[in-house]
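The values are calculated or read from the model by the stated rules, or taken from the named source; none is laboratory data. Please read these numbers as outputs of a predicted model, since none were measured by experiment. Ideal geometry is used to build each Cβ from the backbone, glycine not excepted, and the neighbour counts take in all protein chains shown. Side chains included, ligands, DNA and RNA excluded: accessible areas come from the protein's heavy atoms. Shrake-Rupley method; radii C 1.70, N 1.55, O 1.52, S 1.80 Å.
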Amino acid sequence: MAIGVLAVQGDVREHARVLTELGADVVLVRRPREIDGLDGLVIPGGESTTMDKLTRAFDLAAPLQDAIAGGLPVYGSCAGMIMLADRVADPARDRQGDPQRTLGGIDMTVRRNAFGRQRESFEVTLDFTDVGDVPAVFIRAPLAEDVGDGVQVLARTPSDAPAQHPDGPTDPEVQDTAGRIVAVRSGKLLATSFHPEVTGERRIHDLFIRIIRGEA
């Protein structure tokens, strides 16, 4: 099984290591031709605005969108979740005032850095559908504010999630971190706002491999 990891920016090595441990042949994707023949693709955590710029600069954006539309299974973590979203509630803007772009594919609206800054990073245990209790690390993580009818919510933050730092987001809708959507699935597309590769958690990647094989 050949699984690509988008390698323009972000925690590429961590995802590649987990996938290799699970028996996949990992392809680092930096050029359009490296998408051909993939059974699946991982979009890692990192900076979604940088990923947006670099995928367009390397002529990857359109081929990736075509692959997603054509049914390529894709898993996005953190920034990867943003890249898979059809809508961004608070997009960054370039010098011309144009909003950042995504690859899209999942009918959802995401909010960037929804849980605060780097110093507001936290770890909780999630009840993840069909997986169980999952330790989840949130580092400047997004959340899904709303999802379409065809999108399955796989995990929400628990009721004991830490309260937002006073210097965190001022929007009252994101001050309370409990009950927020942090993992979703839409067909062959999977997204989490946390980083399972950081904790050594392999079950999310295993779920993704089972999605690729048609076993989940």
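Among the residues of segment 82-117, the one identified as part of a loop (DSSP other than H, G, I, E, B) and of a type in the set (Ser, Thr, Tyr) is THR102.
Taken over segment 126-149, the criterion of being open to solvent by 50 Å² or more (accessible area, probe 1.4 Å), in contact (Cβ under 8 Å) with a residue 24 or more places away in the chain, more than 24 Å from GLY10 (Cα to Cα) and assigned to a strand (DSSP E or B) is satisfied by ASP127, ASP146.
If you filter segment 192-202 down to residues that are surrounded by 15 or more Cβ atoms within 10 Å (Cβ to Cβ) and in a helix (DSSP H, G or I), you find that the one that is modelled with the lowest pLDDT is VAL198. Across segment 58-73, not a single residue is classified as modelled with pLDDT of 95 or more, under 21 Å from ALA144 (Cβ atoms), open to solvent by less than 10 Å² (accessible area, probe 1.4 Å) and polar (S, T, N, Q).
Give the residues of segment 40-63 that are closer than 28 Å to GLN152 by Cβ and assigned to a loop (DSSP other than H, G, I, E, B), sorted by residue number. Please lay out each step first, then the result.
First pass over segment 40-63, keeping only residues closer than 28 Å to GLN152 by Cβ: 40-49, 51-52, 55, 60-63.
Across segment 40-63, the qualifying residues are PRO44, GLY45, GLY46, GLU47, LEU60.
Among residues that are surrounded by fewer than 21 Cβ atoms within 10 Å (Cβ to Cβ) and in contact with a helix residue (DSSP H, G or I) (Cβ under 8 Å, 6 or more places away or on another chain), ARG111 is not included. When the residues of segment 24-47 are filtered to those that are touching a Ser or Thr at 6+ places or on another chain (Cβ under 9 Å) and at pLDDT 95 or above, which remaining residue is nearest to LEU207 (Cα to Cα)? Filtering segment 24-47 for residues that are touching a Ser or Thr at 6+ places or on another chain (Cβ under 9 Å) and at pLDDT 95 or above, the one nearest to LEU207 (Cα to Cα) comes out as VAL42. Does ASP66 count as more than 23 Å from PRO142 (Cα to Cα) and either in a loop (DSSP other than H, G, I, E, B) or in contact with a Cys (Cβ under 9 Å, 6 or more places away or on another chain) (or both)? No: the conditions fail for ASP66.
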